[in-house]
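Okay, structure first, notes after.
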Amino acid sequence: MTRLPLVLIPGMMCDARLYRPQIAAFSGSRALHLAPICNEDNVEALAAAILSGAPQRFALAGLSMGGIVAMEVVRQAPERVERLALLDTNPRAELDTVKEKRAPQMAAVRAGLLSDVMRLEVIPNFAHDRSTAADLESLALDMAESLGPEVFLRQSKALIDRPSQTETLRAYKGKALVLTGESDRLCPLDRHTQMAELLQNSVLEIIEQAGHLTTLEQPAATNAALGRWLED
C-alpha cells in the first residue's frame with residue numbers, strides 16, 4: 001500500500017535537523033519531503049514555493065514558523081493537504097508588541113550579531129528545562145549560524161507581515177493534529193486550544209516536559225502523536 005507522503009516545514013532558523021527524530025521514525029514507511037523556508041520574505045511566496053515542489057496530495061506538518069507557513073499552504077491549496085499537523089505555532093497575525101521586539105533584533109543581525117541574538121534572546125525560550133538542554137541549545141545555535149543572517153532577516157519580515165489564518169483553519173476539513181509542549185513560552189497554550197476549536201476534525205496533544213521544540217526535546221511522545229495522526 002502506498003502511504004501518504006509527509007511534507008515537513010521547519011521553524012524559524014531551523015533546518016532538517018529539527019526533525020531528525022521524525023525522519024528516523026517515519027522515513028522507512030513513507031516518502032518524506034523537507035520544505036525549507038529560507039528564500040522569500042513573505043508567507044504567501046514561501047507557501048507557493050512549497051506547493052510547487054510538493055506531491056499532488058500529502059500530509060503536512062510544520063513547527064513554529066513552519067506551522068504558520070503550513071496554514072498558508074492550506075489557504076492556497078486545501079484540496080492538496082489531506083492531513084495537517086500544527087506544532088508549537090500560532091494562527092494569529094503578529095502582535096504589535098512582538099513587532100516592536102523584532103526591529104532591534106533585525107538591526108543587531110544586520111550589524112553582524114546573529115549569534116548573540118540567537119544565544120541571548122531567542123534560544124533561551126526554547127527548552128522546558130534549560131539546566132538539561134545544553135545539547136538542544138547548541139544544535140539550535142548551529143542551525144541558525146548555518147542558515148545565516150540574511151535568512152533571519154527574510155524570515156523576520158515574513159513573520160511581521162503574516163496574516164491571521166483563523167478562517168483558513170475554520171474551513172479546513174482534513175484530519176488535524178494540534179500539538180504543543182506544556183511549557184512553550186513562544187506559542188502559548190491558548191493559541192493551540194484556539195486552533196483545535198477552529199479545526200473541524202482535530203486532536204489536541206500537550207507534550208509533558210517540553211517547551212517550544214517538541215520534536216527534539218520529547219521525540220518519543222511527539223512521534224507517537226504524529227504516528228496516530230498519520231494512521232491510515
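The values are calculated or read from the model by the stated rules, or taken from the named source; none is laboratory data. All figures in this text were calculated on a predicted structure; none of them were measured in a lab. Heads up, the Cβs are rebuilt from the backbone with ideal geometry, glycines too, and the neighbour counts pull from every protein chain shown. Side chains are part of the model used for accessible areas, which takes the heavy atoms of the whole protein and leaves out ligands, DNA and RNA. Shrake-Rupley method; radii C 1.70, N 1.55, O 1.52, S 1.80 Å.
Please verify whether region 196-213 includes one or more residues that are among the hydroxyl-bearing types (Ser, Thr, Tyr), buried (at least 19 other Cβ atoms within 10 Å of the Cβ), free of Cβ contacts under 8 Å to residues at least 60 places away in the same chain and not in a helix (DSSP H, G or I). Quick ask: steps written out before the conclusion?
Of region 196-213, the ones among the hydroxyl-bearing types (Ser, Thr, Tyr) are 202.
Narrowing the set further to residues that are buried (at least 19 other Cβ atoms within 10 Å of the Cβ) leaves 202.
Next, only the ones that are free of Cβ contacts under 8 Å to residues at least 60 places away in the same chain stay: 202.
From what's left, not in a helix (DSSP H, G or I): 202.
Yes, because at least one residue in region 196-213 is among the hydroxyl-bearing types (Ser, Thr, Tyr), buried (at least 19 other Cβ atoms within 10 Å of the Cβ), free of Cβ contacts under 8 Å to residues at least 60 places away in the same chain and not in a helix (DSSP H, G or I).
Go through region 127-146 and report how many residues are in contact with a Pro (Cβ under 9 Å, 6 or more places away or on another chain) and open to solvent by 40 Å² or more (accessible area, probe 1.4 Å).
Final tally of qualifying residues: 1.
Checking the structure you have, find out if any residue of region 95-111 is assigned to a loop (DSSP other than H, G, I, E, B) and open to solvent by 10 Å² or more (accessible area, probe 1.4 Å).
Kept after step one, since they are assigned to a loop (DSSP other than H, G, I, E, B), are these residues of region 95-111: 95, 111.
From what is left, the residues that are open to solvent by 10 Å² or more (accessible area, probe 1.4 Å) are 95, 111.
Within region 95-111 (the criterion being assigned to a loop (DSSP other than H, G, I, E, B) and open to solvent by 10 Å² or more (accessible area, probe 1.4 Å)), the answer is yes, since at least one residue qualifies.
Could you please find all residues in region 94-126 being touching a Pro at 6+ places or on another chain (Cβ under 6 Å) and within 14 Å of Leu159 (Cβ to Cβ)?
Within region 94-126, just Val109 meets the criteria.
From the list Leu86, Leu46, which one is surrounded by 24 or more Cβ atoms within 10 Å (Cβ to Cβ) and farther than 26 Å from Gly227 by Cα?
That would be Leu46, the only listed residue that is surrounded by 24 or more Cβ atoms within 10 Å (Cβ to Cβ) and farther than 26 Å from Gly227 by Cα.
Under the condition of being of a type in the set (D, E, K, R) and either within 25 Å of Ile123 (Cα to Cα) or free of Cβ contacts under 8 Å to residues at least 60 places away in the same chain (or both), which residue from region 57-83 is surrounded by the fewest Cβ atoms within 10 Å (Cβ to Cβ)?
Among residues in region 57-83 that are of a type in the set (D, E, K, R) and either within 25 Å of Ile123 (Cα to Cα) or free of Cβ contacts under 8 Å to residues at least 60 places away in the same chain (or both), the one surrounded by the fewest Cβ atoms within 10 Å (Cβ to Cβ) is Glu79.
Take Asp135 and tell me if it is outside any helix (DSSP H, G or I) and modelled with pLDDT of 95 or more.
Here the answer is no, as Asp135 does not meet what is asked.
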